[in-house]
1. As I understand it, the value is the acute angle between the Cα axis of helix 124-145 and the longest principal axis of the Cα atoms of the chain; what does it come to in degrees, rounded to 10?
2. With the crude spin-label approximation of a point 7 Å out along Cα→Cβ, what separation in nm comes out for ALA571 versus ARG426?
3. Along the Cα→Cβ direction, 7 angstrom out, place labels at ARG256 and ALA294. What is the inter-label distance in nm?
4. How long are the three semi-axes of the equivalent ellipsoid of the stretch 379-534, in whole Å, if each is the root of 5 times an eigenvalue of the C-alpha gyration tensor, listed from largest down?
5. Let me test this: with uniform point scatterers at the alpha carbons of the stretch 510-587, what is the Debye-based log₁₀ I(q)/I(0) at q = 0.14, 0.22, 0.25 1/Å?
6. First select every other residue whose beta carbon is under 9 angstrom from the beta carbon of VAL195; then total the charges, Lys and Arg +1, Asp and Glu -1.
7. I want the local charge near ASP235. Using Cβ-Cβ distances under 9 Å, sum +1 for each Lys or Arg and -1 for each Asp or Glu among the other residues.
8. Using alpha carbons only, how many degrees (0 to 90, rounded to 10) separate the axis of helix 245-266 from the longest principal axis of the chain?
Amino acid sequence: MSLQVFGMPVSRGVAIGRAVLIASSRVDVAHYYVALDGVEHEIQRLRDARDAVATEIGTLQRDLPPEAPTEIAALLDVHLMLLHDETLTGATKHWIVERHYNAEWALSAQLEVLARQFDEMDDPYLRERKADLEQVVERLLRQLAHDGDVPPPLGVPGVRDFGGEDPLVLVANDVAPADMLQFKKSVFTGFVTDVGGRTSHTAIVARSLDIPAVVGAREASRLIRQDDWVVIDGDAGVVIVNPSEIVLEEYRFRQRQSELERARLNRLRHTPAVTLDGQAIELLANIELPDDAAAAVTSGAVGVGLFRSEFLFMNRAGDLPGEEEQYEAYRAAVQAMGGLPVTIRTVDIGADKPLDRLSVNELRHEHQLNPALGLRAIRWSLSEPSMFRAQLRALLRAAAHGKLRILFPMVAHLSEVRATLDALARARAQLDDAGRAYGPVELGAMIEVPAAALMVDQFLQHFDFVSIGTNDLIQYTLAIDRADDAVSHLYDPWHPAVLHLIHRTIERAQVLGKGVSVCGEMAGDPAFTDVLLAMGLRSFSMHPSRVASVKQRVLRADTRRLAAAVARVLAAESPAAEAASLFGGALLN
Ligand code: PEP
Ligand code: MG
């Protein structure tokens, strides 16, 4: 039966594929593809885990004290029976052989299928056996976690070296940004999650994959089943499950249209971003890993405006990258950009970007009540001085290989500015003592909290540039958790208070003769290009996939006309409507 699920569009285009469901309780299970010649090994891991669990249950049975209730022995019998049931281990094998999932992923996929079958049973006794099944799977997963096989290192997960199958789309309750990273090189052609806001980090990473995605689709992971055919309409924020042939045909047509549109935009790659009145506009790229630099260059970006270095720190099970590893990563990014400037932000860990694989829901409920207001970004770095200095040393050393700029996230207090500059001075002194070479760097602060926007004059006495992180600036100005779909309708980039803070920051930086750019999601949304140009912005940083559409907008803009209208937009009750009438064009939000 065909059905529709509604959510928020976060990455454009149409994806059509079979659903791969990632159950919310299992997002901490590693998901990666195994190579063709690794399939047999993976099946053997599963067999070994099954045998070990059988022995474990056997031992439990043998050691049961005679006075133990008979139900316990019966329960263990059920567990053994489930363990050897073809529908569990046999069918799990199928996911490994056919889809090349690693054993843990295959098990959770099969658990998903079986759990639904249990849910649909009329007999309450049988329905309750689902809990037993989950316990057996937990035992298997525990065994697999201890068999010494480690997931592939960051940067090389999920590459499938075989083809000829149906395209796959990912459906999950929530995906931690760390897990999302694992999927970066995988074959998913679209994403749907139940929770999340437009600028949650999961959505941002989804956008960086440049594939259609819908978040905040509430019931999606409950309504969609493993292997269902799914259409993700990333423009409208709609997910169509098991569409009819006629609907499918319509979407295939739209898919072809958007591919044509993309090809057309790509032709702008080498066109300089200059407005009708001759203003050169700097279009920079946001990246998460050094490997993304290649996409940045191909997009036509003239540098990296934001390298979110925290992604190097994720999925490490506590083993954070040291100075040497970071140096290599930063140097790789700088060299890949071939002389173009690279702005690297020091770690912004915390809030909805935990170090490990926790999803936002887990974080919220199990860890901190209010992570967005907690120990994140520069606060975290300053609380870990030796780690912070190691990152700074790595950055300074990488600066010897090209034009590198360091950006500090979420600065709000002048005391933080001072502590940051002290840490940098100490990092330099340590390099001097060690006789290590390093290069010059420009320093910048992110403007992400209203306090910073109001303190920009004082901050700019210490920094060469500021970069406006609108994702957080909106979150903190409007007190809207950017990752919470329940309040996402109030997350409004057009809110006059937000526009005033952005405008003020741009104006002050220009008066003081310092650099200013926007690196939040607003910079990559053509709906905001005109209003940002009108405010005087000349430097935008966005995902590489957005560069061409923003450039198209820039090429059609006349900054003199736009600047003349900015006061009216800012004073309007509805700036969005005013901008639409003054500047024209489609206004997305
Ligand atoms: C922002 O807040 O706008 C930003 C660019 O940083 P992040 O999205 O990584 O928090
Ligand atoms: Mg931010």
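1. 70 degrees
2. Here the answer is 5.1 nm between the modelled labels.
3. Result: 3.0 nm between the two label points.
4. Over the Cα atoms of the stretch 379-534, the ellipsoid semi-axes are 31, 17, 14 Å.
5. Result of the Debye calculation: -0.44, -1.04, -1.25.
6. Every neighbour counted, the sum reads -3.
7. In short, +1.
8. Orientation of helix 245-266: about 40 degrees from the principal axis.
Values in this text are rule-based calculations from the coordinates and carry no lab data. Please read these numbers as outputs of a predicted model, since none were measured by experiment. Glycine also receives a Cβ, built like all others from the backbone with ideal geometry; neighbour counts cover every protein chain displayed.
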